[in-house]
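One structure is given here, and the rest of the page talks about it.
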Amino acid sequence: MARNSHSRIIGQFPGFGKFTFLFFVYLYLPIIVVMVLSFNASPAATVWGGFSLEWYGKALANADLRTAAWNSIQIAVSAALLSTVLATFAANTLHRLTGRKDATLAQGVIMLPLVLPEIVMAVALLSFFSSLGVSLGKGNLIIAHTLLCLPFAFLPIRARLQGMDASLTEAAADLYARPFSRFRHVTLPMLMPGIVSGFMLAFVVSMDNFTVSLLVSQAGSTTLPVFIFGMLRVGVTPDVNAASTLIILASTALVVVSFLLAGRNPK
Amino acid sequence: MLDVTHALELDLVRKTYGDPLHGHQALTGASFHVKDNEFFTLLGPSGSGKTTLLRLLAGFESTTSGEIRLYGKPIQSLVAEQRPVNTVFQQYSLFPHMTIAENVGFGLKMQGRPAREVAARVEEMLALVKMEAFRNRRPAQLSGGQQQRVALARALAPKPKVLLLDEPLSALDLKLRQAMRLELKQLQAKTGITFVFVTHDQEEALAMSDRIAVLADGVIQQVGGPREIYDRPANLFVADFIGDNNFLKVEVLSRQGATAMVRGAGIEAVQARDAAQGASQGTLMVRPEALHLSAGEGRVRFAEKARVLADIYLGNALTYVTALPDGTHLNIRDEDARRAAKPIAEGQTVEVWADAEAPMLFDGAGK
């Protein structure tokens, strides 16, 4: 039908559908395999032996796994909250000082965890904590994760600020709003979508973090990725698949929620 | 004695960006006053300093030097939220996350007025701009003209001593702009609030203002009523910027009191109001509508011979483009010639008459 037309959208090229299908298979097949095998009755992780929910029961009954998951959630929520608050203030201040050399430098420092190899950060944090004798258990991890999450929380907020009309805060000032009221009634509500997605990103980054967590975590503050890694050392057991499937479901739910939240915002 | 009846008084207000001595001078020593309950317009081309001046009045920028007094009280040390003036922004700048009613009530809420008073005043303002039906909508759901009304209501709600308007009509289409001119003027009369209006549109300025300040290159060129500025421009810039004009290079033959006899561009001798400050050469200005193709009461002969080059017919006006003997173009917009049954043919030579008081002599070469 569109063969004669000069401008064709990419979806109309022959073979596009098949190629897209292969792409998604490549991307998601390993995840699907993990999910399918989590329902496997056989104790051998890679041989199908019938449908069963046994491993979910095992995974949920595993007290150490539950503790690790709860640790991860506590750390991720705290680190995401802290980094989002810090990122909001940092983004506002740096936005006001745009063009100044020290502001550019400060922004670079905030972004550093994005470009530094994570193992370097992990070693640095480990020696930092041990040389200062800081031993706060989960606290150490919260501090480390806040640092790691900062650029992820910062970027969406900063982008939102840059898209914001500067005359809105001027209008608020013109209408007798003092600096704090301007922030509270105009800037903050306008930034909310950026802040929410910053928080979500930070949460996922913290939940997922392995390298830093492995080096910094102390006895009693093991996180879920570190714990799962520990389980794998004795071989891939189906309860690892079950735990992974639960994590996948939780992350998907989180993404859906953040998507719905963003859709609710005007504009 | 200080004259406290003036809404605004500016004394040598200067604004320099960057280095105080060598930086860009956006405004050089502006001094004028705005009377109470006046529709005052700051008119100038872009980059003339009119928006800078408005931002200094609103408190978004601070003066480099000079004094601004609001009803006798110096305000240049006050920040924007402390000044009892409100602004209608060029792009309206309504808060997108608030409803129309919340937008209009924002100023009063920030002043800490009780909720009941805010609600009553919001209804009053929405009724004033005929936007009651939209109180629960959001700005994005309104058209440009409707947003404009809300912006007006929001700025008027806290009863400012002076309302500042930054090119509020420039984003509207022509028909709506013309309708809003009348509405703004009526709103000003109804509220009794002093309006300071910024525009680059001279027609808008002439149509609405009680008085106009013409700005160029950061300098106030002239302050006066619309007629004064149109009929007696203070200098060549104002003469050129406001309305259409003819400019002829002339030399002065003689002077007597406020008038001078001049010659040039193929014109033997014509009398002009003298604003050339004793210069022996200058530029003669005469508006096209002050020129005629026939003699009449109160008219003097302007040029013996002018050759018709073309006619420009605009329905309500007919302009003949003619050339004087030395080649200088002279535009003539004669009402009688427009009514005449037959236009004058191209190439024909005509005699030109001028309203006796119309020609004005200025110092300098003009454009």
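The values are calculated or read from the model by the stated rules, or taken from the named source; none is laboratory data. What you see is a predicted model, and the numbers here were worked out from it, not measured in a lab. Every residue, glycine among them, receives a Cβ derived from its backbone with ideal geometry; neighbour counts consider all protein chains shown. SASA here: full protein model, heavy atoms, side chains in, ligands and nucleic acids out. Shrake-Rupley method; radii C 1.70, N 1.55, O 1.52, S 1.80 Å.
Annotations for the structure displayed:
- Centroid-to-centroid, using Cα positions, segment B:67-109 and segment B:132-199 are 14 Å apart.
- Computing FRET efficiency as 1/(1 + (r/R0)^6) for A:Phe128 and A:Ile73, where r is the C-beta to C-beta distance and R0 is 35 Å, gives about 0.90.
- Computed about its Cα centre, the charge dipole of segment B:214-271 is approximately 180 debye, with only Lys, Arg, Asp and Glu carrying charge at their Cβ.
- Residues in the protein assembly as shown average 51 Å² of solvent-accessible surface per residue, probe 1.4 Å, ligands and nucleic acids excluded.
- Here the dipole of chain A is about 660 debye; that uses its Cα centre as origin and unit charges on the Cβ of Lys and Arg (positive) and Asp and Glu (negative).
- Coordinate range of the alpha-carbon atoms in chain B per principal axis, descending: 75, 51, 36 Å.
- Sequence ranges A:188-194, B:139-145, ranked by mean other-Cβ count within 10 angstrom, highest first: A:188-194, B:139-145
- Solvent-accessible area, 1.4 Å probe, carbon plus sulfur percent, for segment A:54-262: 72
- Under Karplus coefficients 6.51, -1.76 and 1.60, residue-wise ³J(HN,Hα) of segment B:67-84 in Hz, glycine/proline x: 10, 10, 10, 10, 6, x, 9, x, 10, 5, 8, 8, 7, 3, 6, 9, 8, x
- The residue list A:Leu224, A:Thr84, A:Met164 was ranked by how far each Cα lies along the charge dipole of segment A:54-262 toward its positive end, using unit charges on Cβ atoms, and A:Met164 comes out on top.
- Chain B, helix-only ellipticity at 222 nm - DSSP H runs n ≥ 4, -39,500 (n - 2.57), divided by all residues, nearest 500: -7000 deg cm²/dmol
- Relative intensity of the protein assembly as shown on a log10 scale, I(q)/I(0) at q = 0.08, 0.10 Å⁻¹, equals -0.83, -1.03, per a Debye sum over C-alpha point scatterers of equal strength in the absence of solvent.
- For the pair B and A, total buried accessible area rounded to nearest 100 Å², probe 1.4 Å: 1900
- Straight-distance crosslink candidates among aspartates and glutamates, where the alpha carbon sits under 17 Å from A:Lys138 and sequence neighbours closer than 8 are dropped: A:Asp64, A:Asp208
- Listed by number, the DSSP H helices of chain A that run 15 Å or longer by alpha-carbon position along their axis and have mean Kyte hydropathy of at least 1.6 are A:16-37, A:118-132, A:188-208.
- Here segment B:302-347 and segment A:179-213 have alpha carbon centers that stand 70 Å from each other.
- Global form of chain A, assessed from the alpha-carbon gyration tensor, a/c cut-off 1.5: oblate
- Percent carbon-and-sulfur accessible area, segment B:146-203, ignoring ligands, DNA and RNA, probe 1.4 Å: 50
- The helix-based estimate of mean residue ellipticity at 222 nm for chain A, built from -39,500 (n - 2.57) per DSSP H run of four or more residues and divided by its residue count, is -24000 deg cm²/dmol to the nearest 500.
- When only alpha carbons are used to place a centre, segment B:218-261 and segment A:60-114 end up 66 Å from one another.
- Dipole size of segment B:255-367 about its Cα centre, with +1 on Lys/Arg Cβ and -1 on Asp/Glu Cβ: approximately 100 debye, rounded to the nearest 20.
- Taking the charge dipole of chain B about its Cα centre, with +1 at Lys and Arg Cβ atoms and -1 at Asp and Glu Cβ atoms, the residue from B:Leu126, B:Val250, B:Leu163 reaching farthest to the positive side is B:Leu126.
- Most to least packed among A:84-90, B:88-94, A:170-176, A:14-20 [average Cβ atoms within 10 Å]: A:170-176, B:88-94, A:84-90, A:14-20
- If you run the Gaussian network model on chain B, springs between alpha carbon atoms under 10 Å, then out of B:His200, B:His22, B:His292 the most flexible one is B:His22.
- Inter-chain neighbour count for B:99-106: the average number of beta-carbon atoms from partner chains within 10 Å of each residue's beta-carbon is 2.
- Across peptide B:86-93, the mean count of Cβ atoms from other chains lying within 10 Å of each residue's own Cβ comes to 4.
- For segment A:54-262: relative contact order, % (alpha-carbon pairs under 8 angstrom, 6 or more apart): 35
- Only one residue of B:Thr199, B:Gly225, B:Val104 has its Cα farthest out toward the positive end of the dipole of segment B:104-260, where Lys and Arg carry +1 and Asp and Glu -1 on Cβ, and that residue is B:Val104.
- For segment B:74-158, the equivalent ellipsoid derived from the Cα gyration tensor has semi-axes of 22, 16, 11 Å, listed largest first.
- Those lysines that a straight Cα-Cα span of less than 30 Å connects to B:Lys249, excepting residues fewer than 8 apart in one chain: B:Lys305, B:Lys367
- Too-long pairs where the Cα-Cα distance tops 20 Å, listed order kept, from B:Lys161/B:Lys185; B:Lys35/B:Lys73; B:Lys15/B:Lys161: B:Lys15/B:Lys161
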